[in-house]
Each structure stands twice: as structure tokens, then as C-alpha cells.
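First up is the structure itself, then whatever we jot down about it.
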Amino acid sequence: MTKRDLLKEIQSTRGNELDGKRIVLGVTGSVASAEVPQLARELIRHGADVTAVMTPAAEKLIRADLLEWATGNSVVRELTGRTEHVRSLGESPEQADLLLVAPCTANTISKIALGMDDTPVTTFASMAIGNSVPVLVCPAAHEPMYRNPAVLENIKRLKEMGVEVVEPRIEEGKAKIADRQTIVLAVLRMLAKKDLEGRNFLITGGPSVEFIDPVRVITNLSSGKTGLDIATEAWRRGASVSYVYGGSLAPPPFIKSHRIVTTGEMSETVLSELNSGRFDVFISSAAPADFAPVKSAGTKIPTKLGNISLELKPTRKIIREVRSAFPHLFVVAFKADTTGSLKELEAVAKAYLAESKADMVVANDVSGGAAFGSDYNELLVVTRRRTVHFARDLKVRLAARLIDEVAAEIGRKRNRTIKV
């Protein structure tokens, strides 16, 4: 049994975006190195094969045995006659797809920027940069060290050399390494196909609420996971993304976002964004409340009143307003229903496709609260050309498949326009 066999239980359990990708993980002498084993495991959960390389300073803070356990591969602690840096990042069949230096101290930042090779990590970096292998660094230092003009100049130099930098979090007088999820998303974006570069997506996600009184609302069980996964996938593949969302599940800071509360606020924000004229695609994956009270009480309704009657009215239909105002925009509408069978769900989706005049409808059965708050879902994707069934899977994987469908459809639409 190989070391890699021991990782089968977690390999690709979060997604398969990094299947077949080799990542060299450079570890330098920062206390943030304690977070590296979990970072390595998270990359493996997305399919990556990870090999760690350490500086002598890092070995004073974290054991190589722990990194070997975390990655399932032997750790490079020194360069030997096997020329590990050439095998991993030179022109060889074993060439890695990315060098990720996390954490990267101010010392290592400056050495890489100046081409100094006196540790395994800096030598690996010189080889990667010289061989045009993507490099991503994640700084970590005390804030005064990070703000040193010389260090900032060297970070600028790295960027000019094509090195990507995940900016640290400035907290408690420290430039702390970016959180694990932010680093993973940066890796996913660097290694993704960029089939959506130059495209602008407006995406909605999560629930809206309608107020009965100042403390009570009508809403639904949507968590916003699907919308956020779709927005992240589009961003990862090179699109410029604006995300309008309700609920508490916020996107990472590098995705432009607008948080709303009511359906009316979501409608107004969407229309305001679209009026900029820069969007190619609108994906309406949010779950806005369908009904609102005819009258909302200005003060809390006391329970001592006993039974009360609540008259409801339909809320604004965002898809209808968008299609009316922007007839040439590529629109993806979501339709949740409780049909009970795929055949019935397909009929509902096709009817909604015609009614909404959307270019694509994504339908799912939510009988019994299925999919709400879950990491899993099952979808039907319906266009005028065909119907595709996405069997139950992780939402993050379904988001990737959905974006595949959207990319294919907007490609066809563009080709038809050119031919005309």
C-alpha cells in the first residue's frame, strides 16, 4: 500500500477541480506553518497531489513527519543529488502545476524577489519562475515587517514577475496568513480553465424575507449554498462576477457582492446592476420570498391578541422584470417545485422556460425540504435545445457542471450572432 492510498478517504471529497494536478507546497519559518497540514488536506479534498518543501526555519516550528502524513508524500527538507527542484519544477514528466508558498515570510518574499537561492523553498521558487510554472505566495509576518518599504517593494517586484499574491489579513498587529478557504479558492482559480475570461456575470443567491412586523418575517429555507458555489465557479473560470444575495452566507471578499433583505431590494439591486450595461449573463439562483403581507405592522404584534389573519400578496417577479428590460441578456432561471418525479419536474421546467422567456431553466425537487441547507442537490437543466439531468451530487460539483452548460450555450449564441 502506498502513501497515497491512505488519502483515498478524503481525495476529491470537496470537488474534483484539482484532479490530476500536482502542487508543491513551500513552507517557511512562520508560526502560521501550524495551519499548513489542514491546508494541504483541503487541497487534496479538491483532488490535488501535494508535496511539501520546507526551509530549515520551518523545521523548528513544524515536523516533517506531520507534513508527510498530511500530504501522503515524502517531504523535501534539503536538495540532494536527485535534484528535487528540477524534477518537480523543471522540464520533466513530474513537473508540478503550481508552487504554493504558504506561509511565506518577509525574508523568503525578499529572497525570491531578488533571485536568492539559499533554502529548498527559494531554490524551488527560482526554478518555477524561470520555467514559467505558476507561483502563488501567501505572506505572513508581523505587520511592521510586512509594511517595511523594502518588503512591499519586493512584493511589487514579485507581482511584476508574474507571481500571484494572496494578501494577508491585518489583525492584532500582524499580517496574518489568509484564511484557508481564500487560499484554496486562489489555487482553484489559478489552475482552472479560463473559458469565461472577458465575461460578466450577475448572480443571485440565498433567501429574501418579507416583514410581518419589525421582528417577524416570511421567508424560506434556502441557505444560499448553490448561488455561492455558482458565483465562485464562474469567478474561478475567469469571469467578472457580481453577487446579489440574501441570508448570512457571504461570499469571499474578492467577489463583488451586495447583500439584500427583501425581494424588492433584490429586484432593485439586480436592475441597477444590469443597467450598467456590462453584463453578459444573469443567473437567478436566489430563492426570493414569493409572498409578502399586504400590510406590515409598524410595531411588534402582541401575542395576547390571539389568532390573527394575514393577507398575502405576490412579490415582484425578478425574472419577468429582467427579461422585459433586457431582452438580449442570457438569463438562467431557477425553479424549485414539489412534483415528486423527474418527468413531472421536466414538464414544470419546460412550462416555466416558455413563461419566463429565459434561455435556461434549472429545476429541482424540494419535496420534504430536500436540498435546503444541504451540501448536495439534484438538478434538471432545460433549454429549448435539450434537457440534462444532473444526478445527486455535491453542490460545488453541480455548480461546475451548470457553468459548463452556460458556457456552451453562450458560446453557441455568440457563434450564431457572428454567422448572421
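The values are calculated or read from the model by the stated rules, or taken from the named source; none is laboratory data. The model shown is predicted, which means the values in this text are computed figures rather than measured ones. Every residue, glycine as well, gets a Cβ built from its backbone with ideal geometry; the counts of neighbours run over all protein chains shown.
Just a few scattered comments:
- Selection count, segment 18-45, where residues are surrounded by fewer than 24 Cβ atoms within 10 Å (Cβ to Cβ), in contact (Cβ under 8 Å) with a residue 60 or more places away in the chain and in contact with a Gly (Cβ under 8 Å, 6 or more places away or on another chain): 1
Rundown of residues vs (1) in contact (Cβ under 8 Å) with a residue 24 or more places away in the chain; (2) in the same structural domain as Leu39 (by TED's automatic domain parsing); (3) within 20 Å of Gln38 (Cβ to Cβ); (4) surrounded by 21 or more Cβ atoms within 10 Å (Cβ to Cβ), yes/no style:
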residue	(1), (2), (3), (4)
Val137	yes, yes, yes, yes
Leu152	no, yes, no, no
Lys159	no, yes, no, no
Glu164	yes, yes, no, no
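- Only residues that are acidic (Asp, Glu) and more than 17 Å from the chain's Cα centre (by Cα) were counted in segment 365-392, giving 2.
- Selection over segment 283-326 of residues that are aliphatic (A, V, I, L, M), without any contact (Cβ under 8 Å) to a residue 12 or more places away in the chain and within 30 Å of Ala371 (Cβ to Cβ) gives a count of 0.
- The residues of segment 384-399 that are modelled with pLDDT under 95 and of a type in the set (A, V, I, L, M), listed by number, are Leu394, Val396.
- Residues in segment 28-57 that are farther than 19 Å from Gln181 by Cβ and either among the aromatic types (Phe, Trp, Tyr) or under 24 Å from the mean Cα position of the chain (by Cα) (or both): Asp49, Thr51.
- Of all residues in segment 321-341, those being surrounded by 14 or more Cβ atoms within 10 Å (Cβ to Cβ) and under 29 Å from the mean Cα position of the chain (by Cα) number 13.
- Taken over segment 109-139, the criterion of being in a helix (DSSP H, G or I), more than 13 Å from Ser88 (Cβ to Cβ) and in contact with a strand residue (DSSP E or B) (Cβ under 7 Å, 6 or more places away or on another chain) is satisfied by Ile109, Ile129.
- Flag for Glu68 being surrounded by fewer than 22 Cβ atoms within 10 Å (Cβ to Cβ), charged (D, E, K, R), touching a residue at least 12 places away in the same chain (Cβ under 8 Å) and in contact with a helix residue (DSSP H, G or I) (Cβ under 6 Å, 6 or more places away or on another chain): no
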